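Here is the structure we will look at.
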Amino acid sequence: MEASDGARGAIPEWTPDMSVGNDTLDSDHKAFFDIARLLYDSLADKREQGLIIASTLLILEEYVDGHFLREEKALKAVGYTQLSEHHHKHRKFQARVRAISETYQSGTKSAADDLPDLVIKWLTHHILNEDMQYKRWIRDSAVDPRPLAFLAAEAAG
Ligand SMILES: [Fe+2]
Ligand SMILES: [Fe+2]
């Protein structure tokens with residue numbers, strides 16, 4: 001993976017070496033890259049009035065909530081022994097994304113500038129170093145395949 005140099009188009013794609021062995025979880029991870037790219041492109045667009053950025057931030061939060069819940073439910077179902085550490089890493093990133101999003105929504109527009117890069121760096125590191133550790137544990141039957149909106153709603157409620 002090449003480091004982002006901040007140039008347009010620098011947001012990398014999900015690559016097959018990041019596969020955790022389950023299609024639903026891989027699809028979530030791919031979508032994260034797409035959302036980071038969408039956010040990057042909308043932040044770079046000078047005509048952008050903020051509505052697309054604000055809704056992309058909400059989509060990102062929904063993905064963070066829903067994907068983490070999906071992963072944690074699956075890891076619990078298979079009796080993954082590192083779940084509490086994994087859970088903690090998810091919560092820390094979730095709090096970070098939420099804080100940046102809230103700062104943006106409250107008027108500090110520059111708060112979101114580094115977010116695409118942060119998402120990609122955190123995600124790439126997390127998938128390759130943390131998610132990869134559950135690869136040999138995961139079973140398709142343990143993964144809730146519903147659309148993330150359902151899981152995010154469950155997390156919120
Ligand atoms: Fe994870
Ligand atoms: Fe993950």
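Quick notes on this structure:
- Heavy-atom accessible surface of the chain, averaged per residue, reaches 54 Å², computed with a 1.4 Å probe.
- Computed from Cα atoms alone, the Kirkwood hydrodynamic radius reported for the chain is 16.1 Å.
- Degrees separating the helix 51-77 axis from the principal Cα axis of the chain, which is the longest one: 10 degrees
- Heavy-atom accessible area ranking, 1.4 Å probe, most first, across E61, E154: E154, E61
- When the solvent-accessible area of region 22-156 is split by element, carbon and sulfur atoms take up 55 percent of it, the probe being 1.4 Å.
- Compared with the dominant Cα axis of the chain, that is its longest principal axis, helix 115-129 is turned about 20°.
- Value of [θ]222 nm, deg cm²/dmol, for the chain, DSSP H segments ≥ 4, -39500 (n - 2.57) each, nearest 500: -21000 deg cm²/dmol
- Residue pairs, from the table K46/K109; K73/K109; K30/K92; K46/K92, whose Cα atoms sit over 24 Å apart: K73/K109; K46/K92
The values are calculated or read from the model by the stated rules, or taken from the named source; none is laboratory data. For clarity, every value in this text was computed on a predicted model and none was experimentally measured. In case anyone asks, the SASA skips ligands and DNA or RNA and just uses the protein heavy atoms, side chains included. Shrake-Rupley method; radii C 1.70, N 1.55, O 1.52, S 1.80 Å.
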